[in-house]
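Note sheet for the following structure.
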Amino acid sequence: MKVSASFLSSKNVPLDLKKLNDTDVDYIHVDIMDGKFVKNKTMPFHEMKHIYQYTSKRLDVHLMVEEPSKYIPLYAELNTEFITFHVEVEEDIMKNLEMIKSYSIGSGLAINPDTKVSTLVPYLPYLDEILIMGVVPGEGGQSFLDGTKEKIEEIRTLIDSYHVNCLINVDGGVNQKTKQFCQEADILTAGSYIISSDNFQEKISSLRD
Ligand code: DX5
Ligand code: ZN
């Protein structure tokens, strides 16, 4: 199992990014919120881009925004492995997936707890990652929702039946207890479980198998 670490709930981003850089975590999960798609807002790009000073890890960018097309070119400039936006947005999804691909970056769609799995079907051949939300997006530190396990299994069945090469990443409420519901995942994203600990590596290792 790969592990992606979210620093959304960090009180000291430079310090926590440096500490994460000393672990074997696979990715840094960068949560971006616009105050419209979700009510909270994260720092603007000209501030966020400085994270490159504190980490050499590849970035897993999660856009919780109404207009992904405005953010994709910005985050494509960084050391980015995946850019993921939400299947619930009103912008043209295919155009945005193509834009991500044009930078040779992995493209992903995130799906909210209340959204039907079938909405992903038209995009399956174009996806490198599906980010399954274990919470309603908007803030860190929430509890993993009932029904997420079934959703992960449903999406695994879908990916297998369409024979596509797409990773499953689970985000929100992931910890040592809830990882048991994520056995069909390829990547686990965890924020507060890692960041609120005094031993990041121990928490990351506990999510791996
Ligand atoms: C939720 C974010 C998550 C969140 C994860 O809106 O997309 O990435 O920060 O944090 P935890 O693990 O604390 O739920
Ligand atoms: Zn996220």
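By the combined test of axial Cα extent (at least 18 Å) and Kyte-Doolittle hydropathy (mean at least 0.5), none of the DSSP H helices of the chain qualifies. Near residue 84: Cβ cut-off under 10 Å, other residues only, Lys/Arg at +1 and Asp/Glu at -1. The net charge is -4. For residue 18, the accessible surface of its heavy atoms amounts to roughly 110 Å² (probe 1.4 Å, protein chains only, rounded to the nearest 10).
Computed from Cα atoms alone, the Kirkwood hydrodynamic radius reported for the chain is 16.9 Å. Within the shell of other residues whose beta carbon sits under 12 angstrom from the beta carbon of residue 23, the net charge comes to 0, with Lys and Arg scored +1 and Asp and Glu -1. Look at where the Cα atoms of region 114-157 and of region 12-33 average out, and the two centres are 23 Å apart. Residue 36: which lysines have alpha carbons under 22 Å from its alpha carbon, excluding same-chain residues fewer than 8 sequence positions away? Partners found: 49, 70, 95, 116.
Tally up the carbon and sulfur contribution to the accessible surface of region 76-131 as a whole percent, 1.4 Å probe, everything protein left in place.
Details: 1150 of 2440 Å².
The computed percentage sits at 47.
Only one residue of 73, 162, 207 has its Cα farthest out toward the positive end of the dipole of the chain, where Lys and Arg carry +1 and Asp and Glu -1 on Cβ, and that residue is 207.
For 162, 27, 193, give me the order by solvent-accessible area with a 1.4 Å probe, most accessible first, ignoring ligands, DNA and RNA. Mind showing how you got there, number by number?
Details: 162 115, 27 15, 193 40 Å².
The ordering from most to least exposed comes out as 162, 193, 27.
Give me the 1.4 Å probe accessible area per residue for the chain, excluding ligands and nucleic acids, in Å².
Values: 9820 Å² over 209 residues.
I get 47 Å² per residue for this part.
Taking 0.36 nm per residue of separation and subtracting the current Cα-Cα distance, fully stretching the chain between residue 121 and residue 18 would add 33.2 nm.
The values are calculated or read from the model by the stated rules, or taken from the named source; none is laboratory data. Small disclaimer: the values here were computed from a predicted structure and weren't measured. No Cβ is skipped: glycine too gets one built from the backbone with ideal geometry, and neighbour counts run over all protein chains shown. The protein model used for the area step is the full one, side chains on, heavy atoms only, and it has no ligands, DNA or RNA in it. Shrake-Rupley method; radii C 1.70, N 1.55, O 1.52, S 1.80 Å.
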